Structure formats: C-alpha cells, structure tokens
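Data first, discussion second: the structure below is written as structure tokens.
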Amino acid sequence: MTTLRARGGEDVSQDGASRPGRSPRAFGRSAGFAQRVCLLVVIAALIALFASLRGAFLDQQLVVFPMLRDIATLTVVGLAQLAVLSVGHMNLAVGRMAAFSAMFMGLAYQDWHLPLYAGLAVGLAAGAAIGALTGWIIAVTGVNSFVVTLAMDFALLGLVSLVYAQFATGAAFTAKPAGMEALRDYSMADLCAGNLCGSPAVPQLLLFTVVAMVLVGYLYSRTRQGRELLLVGSNITAAELSGIPTRRRVVTAHALSGTLAGLAGFMLAVASGSFTAGIGSEFMIPSFLGPVLGGTLLTGGVVSVVGTLLGTSLVQVIRQGLTTLGTGLENLNIYLGVILLVALSTDRIRTAVSTKRTVASS
C-alpha cells in the first residue's frame, strides 16, 4: 500500500485511513528553529569576541556600515540560491545572472536614460527571463541542474563580456541615475519620523533585503505555489501524482532565482558605484553558505529565509572580524572553505536524521 505524507502530521494511505505521526516537516521546523537560535548565539558571541580583541570592530562608519551592506547584498544572493534549492536544484550561474541583469541596468541608465527604479525593473525582468530560460531547459531536457547552470554560467560570461566590450566605456557603465549615490551612502539615520531617526550604522540598502525576505517568506509559507515548490523538492513523484505541474514549478523556481540574482547585482553595483562585467563573480560560495548554514536543505523541500540571513551574517562577521585582526586573504579563503565544508556536513546529517524519522514513522 502506498503511503503519502499529509499536512498536519498524519500519514494518509490510499484507502483514506489516517495514522497519527510526526511529519518530517514538523521535525524540520523544530530542528530549524533550534539551528537559528544557535546561529544567533554564535553570532553574538563572535561579535563580543572580536570587539574585545579589537575595539575598531564596532566602528559604525568604517566597519559596521560596510559589513551590513555586504550582509544585505549576500543575503539576497542566498535567497536566489534558496529558490532553486527548494525544488532540489542548484544554480551555479547565480553570479553571472547578476552580471547579466546589471548589464541591462547599465544600458538602461547610460543609453536609455531611465530613472533609477525603472532601470532596476528592466534588470529584474532580464534576470527573471534568463532564470526562466534556464529552468525551462532543465524541465524539458531532464538534464541535471548542475550541468545546465554550469553551461549557462559560461554562456553568460561570454555574452556579458561581449556586450561590455561593445557598448561600455572603459569596461563599465558609469552612468549614475539620480538617487544612486544617496542609496549607496545614506544610512537609516537619514530617515526620520519627527525626532526619531534610525541608526547611522544601518545602510538604507538593507531595506531591499527586508522586502525580498518578506516576499520570499510569504511565498513559501502562505501561498499554494510556495507549498508546491517545496513538495516538488521533497518528492517530485508524489508532486506529479498530486497533479502539481512540476515542470512549471521548476521554471518558476529558476525565474525567481534569476530575479533575486538581478536584485543582488543591482545592490552590488550601487555599493561599488558602477556596473561592470565582473559583478557577481564572487557570489558562488556565499550563495550556498547562507542558506545551508541557515537550515535550507540541499536536497530540497525545506527552506529558511531568516536562517539565510543569519547564515550570511555569521560568515560576514567572521570575515570582517578576521580582516580587522589582520588576517590575510589566503587564510580568509581557507576559513571560508572550512565553513562551507561544515555547512555541507551539517546538511547531510540533517537529511540523514530526517530520513530515519520518516522511515520510523511510516
């Protein structure tokens, strides 16, 4: 007799009889909450440690502001990877999709003279289109997402380089629409409601991350499409038997990934002050570190939006703390590699435990 896992912690068999039990999703939620609390404690402890070793670590303008700006951008990168991880895929072209989207933004500002947010909309549309194309290729051909996105990464590398060589001045689009420099330099202290103002250490760019987190969180927790995406990642056969259009959901996940990659490309371009072909070249490892450290499963079916923020914050606190202490770039890369290895090992342990719980309760 075939058994399907139903919402609410019951096993529902084909004859309609139900058996109470604790679902893997419920286990995943409790384990995920504990993991997020642990991440928060570790982040707080590391901040206290680095601040005690080097007081400059708490300098609002020179350290905290740029660190939070990096966290804002890389959290969106993590959400871009989370979108495809939710269906059990991966996006190795996430950085190049960011560059592709930023390229259209640069063209929109320099040649089409569009205002800031109109150019952003053009770039997001470009990111959604290239992501949807990638998802469509995967869904139609059945080729593994690793292979398709790796091929797309190389294709976009050549395309973006050609466009910049043809249309950009000095390998960059340097046009700055009104509001771009303010968005780069302004903090929440520049936003006031009467006599109440925000902190000068928190960049306004963080607002884009908050909006992205709210929308992605709402998608996966409150909408049917979000639940279907998770079911596709959890068990694609069960999803097909349930009548879910699995190919369409794969395209949706990759389109969302491309859109978020485009937003991250915009945020990085704002922070750096120009649109270059190299945007997103360092997005690969951070795109996995944030979600996986935060509780998102590489095998699909479980995501954590808040966990992605915490995982990204942990990595950036470690990076900034070691940089403040004078650690060289080579050692930094070693430490980040170790963190990625720990994250992947943790993901494997969570998957194994969840599988054992599923077998035990069926």
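For residue 154, the solvent-accessible surface with a 1.4 Å probe is about 130 Å², rounded to the nearest 10. The apolar share of the surface of the chain, taken as the fraction of accessible area on carbon and sulfur atoms (1.4 Å probe, ligands and nucleic acids excluded), comes to 65 percent. When shorter helices are ignored and each DSSP H run of at least 4 residues is given -39500 (n - 2.57), the per-residue value for the chain at 222 nm works out to -23500 deg cm²/dmol.
Using the Cα centre as the reference, give the magnitude of the dipole from point charges on the C-beta atoms of the stretch 92-196 (Lys, Arg: +1; Asp, Glu: -1; all else neutral), rounded to the nearest 20 debye. Display every interim value, and only then the final one.
Details: 3 positive and 5 negative charges, 33 e Å.
Dipole of the stretch 92-196, to the nearest 20 debye: 160 debye.
Simple spin-label estimate for residue 331 and residue 150 gives 3.4 nm between the two label positions (7 Å along the Cα-to-Cβ direction from each Cα). Select from 297, 145, 83 the residue farthest towards the positive end of the dipole of the chain; place +1 on Cβ of Lys and Arg, -1 on Cβ of Asp and Glu, and compute about the Cα centre. Of the listed residues, the answer is 297.
Across the options 194, 231, 205, the greatest Cα extent toward the positive end of the charge dipole of the stretch 168-249 (unit charges at beta carbon of Lys, Arg, Asp, Glu) belongs to 231. Once the Cα-Cα distance is subtracted from the 0.36 nm per residue extended length, the residue 196 to residue 247 segment shows a gain of 13.4 nm.
Remark on the stretch 189-318: hydrodynamic radius 16.7 angstrom, per the Kirkwood mean of 1/r across alpha carbon pairs.
Simple rule: put +1 on each Lys or Arg Cβ and -1 on each Asp or Glu Cβ in the chain, find the dipole, and look at 159, 132, 116; the Cα lying farthest toward the positive end is 132. Give me the net charge for the shell around residue 63: Cβ to Cβ below 13 angstrom, other residues only, Lys and Arg +1, Asp and Glu -1. In short, +1.
Report the charge-dipole magnitude of the stretch 215-263 in Debye, nearest 20, computed about the Cα centre from +1 at each Lys and Arg Cβ and -1 at each Asp and Glu Cβ. Working shown, then result.
Numbers: 6 positive and 2 negative charges, 22 e Å.
Using Cβ point charges on Lys, Arg, Asp and Glu, the stretch 215-263 gives about 100 debye.
With every protein chain in place and a 1.4 angstrom probe, the accessible-area ranking of 89, 113, 254, largest first, reads 113, 89, 254. With R₀ fixed at 45 Å, the C-beta to C-beta distance from residue 222 to residue 113 puts the FRET efficiency at about 0.70. Length gained on full extension, residue 281 to residue 174: 36.6 nm, using 0.36 nm per residue less the C-alpha separation.
All other residues with a Cβ under 15 Å from the Cβ of residue 272 taken together, and with Lys, Arg as +1 and Asp, Glu as -1, what is their net charge? Can you show the working numbers first?
Values: positive: 69, 176, 184; negative: 70, 181, 185, 282.
It works out to a net charge of -1.
Give me the extension gain from residue 161 to residue 240: residue separation times 0.36 nm, minus the current Cα-Cα distance, reported in nm with one decimal.
Numbers: separation 79, 0.36 × 79 = 28.44 nm, distance 4.03 nm.
So the chain would gain 24.4 nm between residue 161 and residue 240.
Accessible surface of residue 319, taken over heavy atoms with a 1.4 Å probe and every protein chain present, rounds to 80 Å². Looking at the chain, the accessible area is 47 square angstrom per residue; that uses a 1.4 Å probe and ignores ligands, DNA and RNA. Using a probe of 1.4 Å, the accessible surface attributed to residue 70 totals some 70 Å² when neighbouring protein chains are kept in position.
On the basis of the beta-carbon distance and an R0 of 35 Å, residue 211 and residue 49 show a calculated FRET efficiency of 0.65.
Taking 40, 92, 256 as the candidate residues, the one with maximal mean-square fluctuation in a Gaussian network model of the chain, Cα springs under 10 Å, is 40. Counting only Cβ charges, +1 for Lys and Arg and -1 for Asp and Glu, the dipole size of the stretch 154-270 around its Cα centre is about 440 debye.
The values are calculated or read from the model by the stated rules, or taken from the named source; none is laboratory data. A quick note: this is a predicted structure, and the numbers were derived from the prediction, not measured. Note that we place each Cβ from the backbone using ideal geometry, even for glycine, and neighbour counts take in every protein chain shown. Accessible surface areas use protein heavy atoms only, side chains included; no ligands, DNA or RNA. Shrake-Rupley method; radii C 1.70, N 1.55, O 1.52, S 1.80 Å.
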